Amino acid sequence: MATLVFPLKGPMQAWGISSHFGIRDTLREPSKSGIIGLICAAMGKPRDSDLSEFQNLRYGVRVDQEGKMLVDFHTASRVLNASGSILPNAVISNRYFLADACFLVGLEGDQETLIKIYRALKHPKWFLFLGRKSFPLASPPWFPETLNPIQDQVIEEVLKTFPWQSIPRKYSKKIVADEIVQNAGFFQLVKTPLEITSDPLLNKLRLLVEPLGENKKAYLTRQDQPLKFSERSFLHTKVNTYHIQVPQYYLRHGSIKEEENVPQ
């Protein structure tokens, strides 16, 4: 088994799993069904596609920057109902979303499937969004090959050690050129300042991972494994939550671009 990691960043994101009627909810991190939906869009799969190839993928998310949850009071007029007629009154909803969040998503599975997903994210067939069509991505949902986005390790180890993406601005201003460890594609790999790793208020990141095995014990159970999007059919999944140390290195956008050895 191998693990693929990729970033999800955007000014607004929404990852709901239990929305009903006028309340559109969101989790505080990307859902597994939302990630699979993003991958399906990248692959150009229609909503009635068979999703069995994603059944055995193990999912995890590291919260590199906790977003602020906000709500939008939303109105829509001239809405079509199921029979095709136009509703006479405006439809009102409260739509929750995350602002300024940053996530590292991990998927564990066979390497052939992960390479296929990586290629699709790098060259998507359809536009990609962060949960809703009004929420575009702020940066590409893939890492260059120089950062080893596919690794032969279990998902927990990759998510614990992969470079951090969201260093606080007050620290990033202090970084000087000689602290750059490596130029990695459109990123620079930089050693995380000691002021962060030694500060108990800043040195923990939240990590959510699907447990292994048949007799899985987990803190959270969610209806989050999609069978078919067109029928809104889902299975229950389990998720464990941890808090981990900030990684030794972090990423920032660099000015040097190297040639990448990206699978074609």
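If you take the residues of segment 110-121 that are under 16 Å from GLY37 (Cα atoms) and in contact with a Pro (Cβ under 8 Å, 6 or more places away or on another chain), which of them is surrounded by the most Cβ atoms within 10 Å (Cβ to Cβ)? In this case the residue turns out to be TYR118.
Return the only residue of GLU145, GLU156 being within 17 Å of the chain's Cα centre (by Cα), surrounded by 15 or more Cβ atoms within 10 Å (Cβ to Cβ) and not hydrophobic (A, V, I, L, M, F, W, C). Break it down stepwise before answering.
Working: GLU145 fails: within 17 Å of the chain's Cα centre (by Cα).
Exactly one residue qualifies, and that residue is GLU156.
Of the residues PRO140, PRO124, the single one that is surrounded by 17 or more Cβ atoms within 10 Å (Cβ to Cβ) and in a loop (DSSP other than H, G, I, E, B) is PRO124.
Whether a residue is within 24 Å of ILE155 (Cβ to Cβ), at pLDDT below 95 and among the charged types (D, E, K, R) was assessed, and GLU53 passes this test.
Filtered by the rule that a residue be surrounded by fewer than 19 Cβ atoms within 10 Å (Cβ to Cβ), in contact (Cβ under 8 Å) with a residue 12 or more places away in the chain and more than 10 Å from PHE229 (Cα to Cα), segment 42-57 gives MET43, GLY44, GLU53, GLN55, ASN56.
Taking helices (runs of 4 or more DSSP H) that fall entirely within segment 144-218, which contain at least 3 residues that are at pLDDT 95 or above?
Fully inside segment 144-218 and qualifying: 155-161.
Scanning segment 75-107 for residues that are buried (at least 20 other Cβ atoms within 10 Å of the Cβ) and either over 31 Å from the mean Cα position of the chain (by Cα) or under 17 Å from TRP142 (Cβ atoms) (or both) returns CYS102, PHE103, LEU104, VAL105, GLY106, LEU107.
For ARG58, indicate whether it is farther than 21 Å from SER233 by Cα and touching a Gly at 6+ places or on another chain (Cβ under 9 Å).
Working: farther than 21 Å from SER233 by Cα: no; touching a Gly at 6+ places or on another chain (Cβ under 9 Å): yes.
In short, no.
Look at (1) hydrophobic (A, V, I, L, M, F, W, C); (2) in contact with a Lys or Arg (Cβ under 8 Å, 6 or more places away or on another chain); (3) farther than 22 Å from ILE39 by Cα and you find that LEU107 fails only one, number (3). For segment 20-40, the candidate set comprises residues that are surrounded by fewer than 19 Cβ atoms within 10 Å (Cβ to Cβ) and in contact with a Phe, Trp or Tyr (Cβ under 9 Å, 6 or more places away or on another chain); within that set, the residue that is farthest from VAL209 (Cα to Cα) is ILE23. For segment 6-53, filtered to residues that are part of a strand (DSSP E or B) and among the basic types (Lys, Arg), the residue that is farthest from the chain's Cα centre (by Cα) is ARG24.
What's the total number of residues in segment 54-68 that are in a loop (DSSP other than H, G, I, E, B) and over 17 Å from LEU130 (Cα atoms)?
So the first thing to find is which residues in segment 54-68 are in a loop (DSSP other than H, G, I, E, B), and the list is 55-57, 66-67.
Then keep just the ones that are over 17 Å from LEU130 (Cα atoms); that gives 55-57.
Going through segment 54-68 one residue at a time, the tally reaches 3.
Note on segment 219-264: residues that are surrounded by fewer than 12 Cβ atoms within 10 Å (Cβ to Cβ), part of a loop (DSSP other than H, G, I, E, B) and at pLDDT 90 or above amount to 0.
The values are calculated or read from the model by the stated rules, or taken from the named source; none is laboratory data. Here the structure is a predicted model, which means the values were calculated and not measured. As a convention, Cβ positions derive from the backbone with ideal geometry for all residues, glycine included, and neighbour counts pool all protein chains shown.
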